[in-house]
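I have placed the structure first, in the form of structure tokens, so that the comments after it can refer back to it.
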Amino acid sequence: MKKQSREAANASLPSYIDYYRHSDRKALYHLALGDSIIRGVGAGEDQNLISQFSNELGRLTEKKVEFWNEGINGMTSSELRQLVDEGKYDGEIENADIITVNIGGNDVLRAAKKTDFQSVFKAFDTLQSTFRENLEDIAAKITEKNPQATVVFLELYNPLNPETSYYNVADKLLPKWNVNIYKTAEKIPTAMVVETSHVINGENLGNLSPDGVHPNSLGYKAIAMEIIEHFRTSPKNGGNLTLSGTYLH
């Protein structure tokens with residue numbers, strides 16, 4: 001009965017797109033936090049993930065979407081946690097309707113630069129534990145400042161060519177790493193996780209820039225459309241925006 005009740009409740013809720021389209025807000029505010037994927041390395045300024053998603057969201061909701069891209073190249077989860085804890089983004093977090101977070105890839109890459117990938121695989125559990133603690137703290141601070149914001153977490157993806165020696169190991173470990181993102185999101189009623197790995201993987205190498213790590217403009221568009229698909233099809237839970245028309249909470 002409980003499952004049926006939840007399904008019935010979800011069926012009565014608007015999608016994220018409808019929710020924001022019918023809100024009385026004249027503009028929506030999108031904050032993006034994280035690393036070079038957020039920054040948009042590998043594509044032009046207007047072709048990065050945050051620009052493409054925000055522009056498409058604006059088109060679908062018929063709203064002006066203003067965005068703050070706070071991505072920092074090379075940032076680790078520990079560094080983002082420190083900045084969030086210090087209150088660097090407090091004002092933006094409090095005013096945002098949507099907060100996108102991509103972090104964690106550099107936790108692994110930086111450790112690999114200090115040693116090698118084989119050593120990183122051996123230390124995976126320790127790296128994963130530190131990442132989980134950092135992400136949970138970041139999420140807690142975000143929801144403390146703005147419990148109504150939609151929080152969009154992005155999975156980590158495997159950019160390696162299937163022919164490389166570490167591809168299979170990375171492909172097995174990444175889903176375990178991503179479980180931490182899903183567990184963090186489960187604690188936030190207004191959060192979602194976007195399956196970045198569906199569009200950036202060994203079968204879609206054409207979505208990568210020449211550096212073989214970051215998406216190109218096509219890759220960022222593919223990720224943006226993954227987020228949009230969630231916004232089209234998922235019921236909007238939580239939140240207290242003033243709505244007009246049919247959708248009243």
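Structure above, values below:
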{"read-out": "Some residue of region 153-162 being surrounded by 13 or more Cβ atoms within 10 Å (Cβ to Cβ), in contact (Cβ under 8 Å) with a residue 60 or more places away in the chain and of a type outside the set (Lys, Arg)", "value": "yes"}
{"read-out": "Where ALA224 falls short, out of the listed (1) over 28 Å from ARG59 (Cα atoms); (2) surrounded by 21 or more Cβ atoms within 10 Å (Cβ to Cβ); (3) aliphatic (A, V, I, L, M)", "value": "(1)"}
{"read-out": "The listed residue being under 17 Å from the mean Cα position of the chain (by Cα), of a type in the set (A, V, I, L, M, F, W, C) and more than 16 Å from ILE223 (Cα to Cα), out of PHE53, PHE67", "value": "PHE67"}
{"read-out": "Selection from region 46-59 of residues that are farther than 15 Å from ILE227 by Cβ and touching a helix residue (DSSP H, G or I) at 6+ places or on another chain (Cβ under 7 Å)", "value": "GLN47"}
{"read-out": "Test: residue in region 144-154 that is under 15 Å from the mean Cα position of the chain (by Cα), under 18 Å from ALA191 (Cα atoms) and among the aromatic types (Phe, Trp, Tyr)", "value": "yes"}
{"read-out": "Answer residue from region 19-73, given it is in a helix (DSSP H, G or I) and of a type in the set (A, V, I, L, M) and is farthest from GLY212 (Cα to Cα) among those", "value": "LEU60"}
{"read-out": "Those strands (runs of 3 or more DSSP E) lying entirely in region 96-213 with at least 2 residues of a type in the set (Val, Ile, Thr) and in contact with a Gly (Cβ under 9 Å, 6 or more places away or on another chain)", "value": "98-102"}
{"read-out": "Filtered residue count, region 213-232, keeping only those that are more than 17 Å from the chain's Cα centre (by Cα) and more than 14 Å from GLY40 (Cα to Cα)", "value": "0"}
{"read-out": "Residues located in region 139-152, provided they are β-branched (Val, Ile, Thr) and either surrounded by fewer than 22 Cβ atoms within 10 Å (Cβ to Cβ) or modelled with pLDDT under 95 (or both)", "value": "THR143"}
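The values are calculated or read from the model by the stated rules, or taken from the named source; none is laboratory data. Everything quoted here is computed from the prediction, not taken from an experiment. When we count neighbours, we look across all protein chains shown, and the Cβ atoms used for this are built from the backbone with ideal geometry, even at glycine.
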